[in-house]
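**Q** Mind looking over this structure? Questions follow.
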Amino acid sequence: MLDESSHEQDRFSMDLPAGSIAVVGVPWDEKSSYMRGPAGAPAHIRQALYSSSTNTSTECGRDLGEEPRIRMLGDLDLPVGEAAIATIERQIEKVLDQGARVLALGGDHCVTLPIVRAQSRHFPDLTVVHIDAHPDLYDELEGDRLSHACPFSRIMEEGLVSRLVQLGIRTLNAHQREQAARFGVEILEMRSWRLADGLPKGLGGPLYLSLDLDALDPAFAPGVSHPEPGGLSTRELLDIVEALPSPLVGADIVELNPLRDAAGLTARVAAKLLKEIAARMLEDFTT
Ligand code: MN
Ligand code: MN
């Protein structure tokens, strides 16, 4: 259910009905290289979701407000410092262990690393579709291998996924191009790829979607720390989400920075994407 009362009352309830999609806030941004802020994002996205300026229906007419299997779990309680990374992994695994699937709200993009660690234990043959302006494939940034610019290098080194496909990318430099070649990352660059060109051959589930909101053009999603012109429109991104093959078993929406989101527009975009992604995950979840 998508009303505010259910969010309070179901907070980390370990009593999730079978086939639940758990929406989990991961309020952590200590690995942001340029500016902090995304830790506050989950609360802003939920607020946009509950706003009576819109309704709880998806574009296909599925009313998520009437759907008891959508469970808003609130925010994880995280320690300060890098200990949070292991806590995120443990807490996500706890939710997965109950037979629920997880849609996580970041946080900066570092949170995807512990989330995918937990997801890969449940789905050993996972394919990740990563939509972002940035490939996040640095070996290290400013001496930090856990920077939000690095998670996909760690994910590939640890062998957590069988395939990584990146969309929306428009900041590739020589180092990250080398990293992509080294790890066999399939990059469909923003300058040359459109959905009409088709998704890569053989792309299938179980599929995990990692969505960095700066994949969108700053005209559509200004509230991010690293706005990068030349990106996707909201419509194009929604169409990509709709076109992803099934089953979509997990997802994250990261890098909303409420401090850069003066009109709350980006939080609204995130809330809409949350609805459409949650509905996709629900449809794909046959228990
Ligand atoms: Mn990113
Ligand atoms: Mn990015």
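Here, each number is a calculation from the coordinates, and none is a lab measurement. Remember, predicted model here, so these are calculated numbers, not experimental data. So basically every Cβ, Gly included, is an ideal-geometry build from the backbone, and we count neighbours across all protein chains shown.
**Q** For the stretch 206-225, does any single residue satisfy the condition of being in contact (Cβ under 8 Å) with a residue 12 or more places away in the chain, surrounded by 24 or more Cβ atoms within 10 Å (Cβ to Cβ) and in a loop (DSSP other than H, G, I, E, B)?
**A** Scanning the stretch 206-225 turns up at least one residue that is in contact (Cβ under 8 Å) with a residue 12 or more places away in the chain, surrounded by 24 or more Cβ atoms within 10 Å (Cβ to Cβ) and in a loop (DSSP other than H, G, I, E, B).
**Q** Can you pull out the residues in the stretch 112-145 that are within 16 Å of ligand 2 (Cβ to nearest atom) and either among the small types (Gly, Ala, Ser) or part of a loop (DSSP other than H, G, I, E, B) (or both)?
**A** The answer is 132, 133, 134, 135, 136, 137, 138.
**Q** Identify all residues within the stretch 22-59 that are among the polar types (S, T, N, Q), part of a helix (DSSP H, G or I) and either in contact with a Leu (Cβ under 7 Å, 6 or more places away or on another chain) or surrounded by 22 or more Cβ atoms within 10 Å (Cβ to Cβ) (or both); write none if there are none.
**A** Correct list: empty.
**Q** Here's another thing I want to ask about it. In this structure, does residue 179 turn out to be in contact with a Ser or Thr (Cβ under 7 Å, 6 or more places away or on another chain) and within 16 Å of ligand 2 (Cβ to nearest atom)?
**A** yes
**Q** Continuing with this model, one more query. From the list 126, 64, 146, exactly one residue is touching a Lys or Arg at 6+ places or on another chain (Cβ under 7 Å), over 23 Å from residue 259 (Cβ atoms) and touching a residue at least 24 places away in the same chain (Cβ under 8 Å). Which is it?
**A** 64
**Q** In the stretch 235-271, which residues are surrounded by fewer than 19 Cβ atoms within 10 Å (Cβ to Cβ) and acidic (Asp, Glu)?
**A** 236, 239, 242
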